[in-house]
Amino acid sequence: VPVLGLMVSSIPGIELSGPLTAVPVINTALLIKELFLGHPGLAQTYVFVFVSTCLYAAAAIALAVRIFSREEVLFQSQASLRLFLNRRYFRPLAAPKAGDALLTLALVFPAWFYIAMQPSRAMAEGQPLTSSALVLNILLTLVLPFLLLPLAAAWYLKADLKHTFLWRRPAPRHLLAGACLGGSAWLLVLQGLAWQSLFWPLPAQQDGLEALKNLPIWSVVALLALGPALCEEHFFRGFLLSGLRQDRAGGRFWAIVLSGLVFSAFHFPLFRQPSVALLGFALGYLAWESRSLWPGVLFHLLVNGLMFTVAERVMPADYGKLGGTLPSPPPIYVAAAAVVFGLGLWLARAPKTETSEPFGTSAAQSTG
């Protein structure tokens, strides 16, 4: 199979673009070909190829671990494939294992990538992008890979949905922490992007959302703020973080860092990914301490909502559209945001006297 992929990459006219960027073996071979030819502008493409290849490798390792952890493989000369695929043979779990989370992530990435790239392909081919088509694409990009696929995977693995997706009533202090973090992080992100643009100039780019300008503001906020907050949090801070937290060797630090880095890899252009990674770390910390998904949903909702509404009043009208160096928000606003953000981190920290359910609880323990 790998040899066939290498043969495909040698066919004349085959270029590293579109869905081929996320196809294993073929994308790596085509990237090597592009590098040898000296084609410029491959930074973002390289990231997609590198991330997808790492995810597929992790999925292969996770699948191998699942197979060779079965006694039927170790002590029998033959084992039926249904032992690994038939849900009837699965044992109930409190949350998916780390390998299951990585395996699902490897399925989510190409599904998300293929759907998310459709508007860019349409604009590149000169096709008009209507508001209804863009709304449908955004909904599919959010709901299918980040909500429906993780829910289906958790059901298939017999994982406890409430424990996996942190459907737990949050404490009032954690909701307040989410409000403080989300209400201030967007200003800190703008300041961080301004500092970043001093040594990494913002490339000129198309907005891509001009088709939504004719829609009511409440519908745009619901689409670009509420939708990502609900769907992305269910996957990144629900399914993925729940799986990574089962890895006792990694611990809290690496689970939060890895989930944050994966979260940033799903947000392009490349210029945005450092700031999105920092937001992912804060969201992961809030979810870990609160043991609940909803403070992070509030955090995510406020960041996106304020970016699309209040930021236009704070920053110049052509902010981010011309490329180059970005202006900084007013210093007094940034200072106030830093204080509120610090307060949010302090509120997010779970009190030592709080008897919250540990992440490693089994399904039998959590229900019994």
Practice problem: Would you work out which of 328, 129, 90 lies farthest towards the positive end of the dipole of the chain? Charges go on Cβ: Lys and Arg +1, Asp and Glu -1. | Solution: 90
Quiz prompt | chymotrypsin sites (Phe, Trp or Tyr not before Pro) within region 98-188: DSSP coil, no more than 15 neighbouring Cβ in 10 Å | solution = 167
Quiz item: Count the lysine pairs in the chain that are 8 or more places apart or on different chains: how many have C-alpha atoms under 29 angstrom apart?
Solution: 5
Quiz prompt | Cβ-based charge dipole, the chain, positive-most Cα from 227, 36, 295 | solution = 295
Self-check item: Correct option for Rg/Rh (Cα atoms, Kirkwood Rh) [calculated from the coordinates] among (i) 0.98; (ii) 0.95; (iii) 1.11
Solution: (i)
Exercise. Kindly report the accessible area of the chain per residue (heavy atoms of protein chains, probe 1.4 Å, no ligands, DNA or RNA), in Å².
Key: 52
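Based solely on its DSSP helices, what 222 nm [θ] is calculated for the chain when runs of n ≥ 4 H residues each add -39,500 (n - 2.57) and the sum is averaged over all residues, nearest 500 deg cm²/dmol?
Only helices count here, giving -18500 deg cm²/dmol.
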Practice problem: Jot down the radius of gyration and Dmax of region 9-64, Cα atoms only, both in angstrom. | Solution: 11.9, 38
Self-check item: 102, 139, reordered so the largest accessible area comes first (probe 1.4 Å)
Solution: 139, 102
Quiz prompt | Sorted peptide list for 37-45, 187-195, criterion being average Cβ within 10 angstrom, highest first | solution = 187-195, 37-45
Practice problem: Tally up the carbon and sulfur contribution to the accessible surface of region 225-340 as a whole percent, 1.4 Å probe, everything protein left in place. | Solution: 69
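Counting every Cα pair in region 95-241, what percent are over 26 Å apart?
The proportion of pairs with Cα distances above 26 Å equals 43 percent.
Given +1 on the Cβ of Lys and Arg, -1 on the Cβ of Asp and Glu, and no further charges, what dipole in debye does the chain carry about its Cα centre, rounded to the nearest 20?
Here the size comes out at about 1060 debye.
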Exercise. Could you work out the Kirkwood radius for region 240-315, taking every pair of different alpha carbons, averaging 1/r and inverting it, reported in Å?
Key: 13.3
Exercise. Can you send over the solvent-accessible area of residue 213, 1.4 Å probe, protein chains only, in Å² to the nearest 10?
Key: 130
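The values are calculated or read from the model by the stated rules, or taken from the named source; none is laboratory data. All values reported here derive from a predicted model rather than from experimental measurement. FYI the Cβ positions are ideal-geometry reconstructions off the backbone, even for glycines, and counts take in every protein chain you see. Each accessible area value is taken on the protein alone, full model and side chains, heavy atoms only, with ligands, DNA and RNA left out. Shrake-Rupley method; radii C 1.70, N 1.55, O 1.52, S 1.80 Å.
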